[in-house]
1. If exposed means no more than 10 neighbouring beta carbons inside 10 Å and the site is in a DSSP loop, what's the longest run of the chain without any exposed GluC sites (Glu not before Pro)?
2. Using a 1.4 Å probe over the heavy atoms of the protein chains, calculate the carbon and sulfur portion of the accessible area of the chain as a whole percent.
3. Within segment 223-248, which residues have the backbone N less than 12 Å from the label spot 7 Å out from residue 196 along Cα→beta-carbon, could you tell me?
4. Using a cut-off of under 12 Å, list every residue of segment 176-220 whose amide N is near the label point 7 Å from the Cα of residue 162 along the Cα-to-beta-carbon line.
5. If we count trypsin sites (Lys or Arg not before Pro) as exposed when they sit in a DSSP loop and have at most 10 other beta carbons within 10 Å, what is the longest stretch of the chain that avoids them all?
6. Classify the chain as rounded, prolate or oblate, taking a ≥ b ≥ c as the square roots of the eigenvalues of its Cα gyration tensor: rounded when a/c is under 1.5, otherwise prolate if a/b is larger than b/c and oblate if not.
7. If the viscosity is 0.890 mPa s and the temperature 25 °C, what Stokes-Einstein diffusion coefficient in µm²/s follows for segment 175-231 when Rh is the Kirkwood radius over Cα pairs?
8. Express the relative contact order of segment 269-355 as a whole percentage, based on alpha carbon pairs under 8 Å and six or more residues apart in sequence.
Amino acid sequence: METVLNKRAGGYVDCDTVLTAGRNDIMTGNADYLHDLRVKATQEGRLVTCVWEVTCRCNLSCRHCFHPKHDQAPAELGTERALELLEELAEQGFLVLVVTGGEPFTRPDIWQILESARRLEFALRIMTNGTLLDRDTCDRLAALEPMAVDLSLYGQRRSHESVTGMPGSFQATCRTGRLLTQKGIKVVVKMPLMRHNLGEYRAVREVANSWGAELATDASIFCRLDGDRAPLDYQASPDQLIEFLFRRAQEAGPYRPGSNLAAAKPERAMCSAARANIFVASDGRVFPCGIWRQELGNLSKQSLEEVLAGPELAKVRALTMGDLTECPTCRLARWCVRCPGLAHLEGGSELGKSPTSCRAAAVSQEVDRRLQVAEESEAY
């Protein structure tokens with residue numbers, strides 16, 4: 001154990017911390033510890049997280065999904081190469097493995113992959129819709145001691161199933177959420193904020209609370225990877241989001257508008273993509289992240305070591321905030337959480353603007369303004 005931890009976490013926390021709180025915090029998904037690890041890894045360019053899309057296949061057909069299709073990719077990595085990849089990730093010092101899809105549990109060999117990852121002592125996070133798990137498979141999943149399992153809810157039953165296209169999917173996901181939390185597994189309920197479901201936030205929060213799960217929301221609904229704009233029909237309007245976020249901020253306490261542009265030093269890395277984490281697609285292609293589809297290599301043809309030493313990865317890792325031309329001087333910079341992956345997807349360049357990020361910054365600015373007005377009114 002000590003050898004593995006020294007090799008795979010060296011340089012980020014001292015040995016005593018790794019062997020005590022550090023390792024425990026990673027395995028249990030301690031948010032502060034993982035945040036600090038990612039920040040330091042990004043600063044120093046140390047890859048610690050791999051997000052692996054083990055399959056594109058999915059048993060649901062969610063209307064807002066950024067995947068163009070829900071079928072298995074023709075060149076999906078086979079079992080032998082998948083298990084080799086896990087060994088390579090461990091050898092290269094990766095600590096965290098995020099398993100996603102598609103739906104991971106549509107893959108016949110998924111348990112071989114997950115159990116091998118556990119044997120190699122990865123901190124596992126699993127993103128699933130939960131509909132293919134039952135009591136026995138939840139027991140099997142709990143035995144792997146994942147640091148978290150993410151489940152998505154798109155509203156109450158009718159709203160949820162209007163998105164997934166599958167009757168019974170709401171009940172199936174809820175059953176899995178309850179079973180996993182009963183077994184002591186951390187469950188994060190993810191609720192994308194869409195035009196039809198903003199009024200159901202409290203109901204979803206009550207569901208998550210009833211399991212003992214966390215709730216995370218995200219208003220980023222964007223086009224599909226092939227450019228299809230159909231998911232944009234499900235975006236909440238700016239007025240809807242402003243009202244929703246304003247009310248939530250009033251209920252939750254002080255509002256701190258986020259920004260990764262405001263006062264950013266030119267030498268600072270753009271984000272954690274290709275610096276702290278990489279994304280492996282189901283066919284073995286490697287990208288900076290799941291949205292930023294700039295190919296860095298292909299694990300069906302190369303070893304992981306070759307990809308990590310390749311020129312494409314080096315180019316992305318070298319990008320800094322100083323390479324941006326428009327965004328740092330934008331009037332919305334103070335409220336903007338800029339994503340180079342979205343800029344690449346939506347505009348063709350990681351250095352350009354992202355309509356999704358610009359839209360979110362404008363919403364954040366208006367929420368901030370309204371809260372300031374409300375505070376001044378209360379002061380009088």
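The values are calculated or read from the model by the stated rules, or taken from the named source; none is laboratory data. Quantities reported herein were computed from a predicted structural model and do not represent experimental measurements. Cβ placement follows ideal geometry from the backbone for every residue including glycine, while neighbour counts extend to all protein chains displayed. Note: accessible area is taken over every heavy atom of the protein model, side chains too, but ligands, DNA and RNA are not part of it. Shrake-Rupley method; radii C 1.70, N 1.55, O 1.52, S 1.80 Å.
1. Numbers: sites that count: 267, 326.
Longest run free of exposed loop sites: 1-266.
2. Working: 8620 of 17610 Å².
Of the solvent-accessible surface of the chain, carbon and sulfur hold 49 percent.
3. Only 233-235 pass the distance filter.
4. 194-200
5. Numbers: sites that count: 229, 301, 331.
Longest stretch, sites excluded: 1-228.
6. Details: a/c = 1.42, a/b = 1.16, b/c = 1.23.
Rounded, since a/c falls under 1.5.
7. Values: Rh = 12.8 Å.
Calculated translational D: 191 µm²/s.
8. On the way: 119 pairs, mean separation 21.3, N = 87.
Here the relative contact order equals 25 percent.
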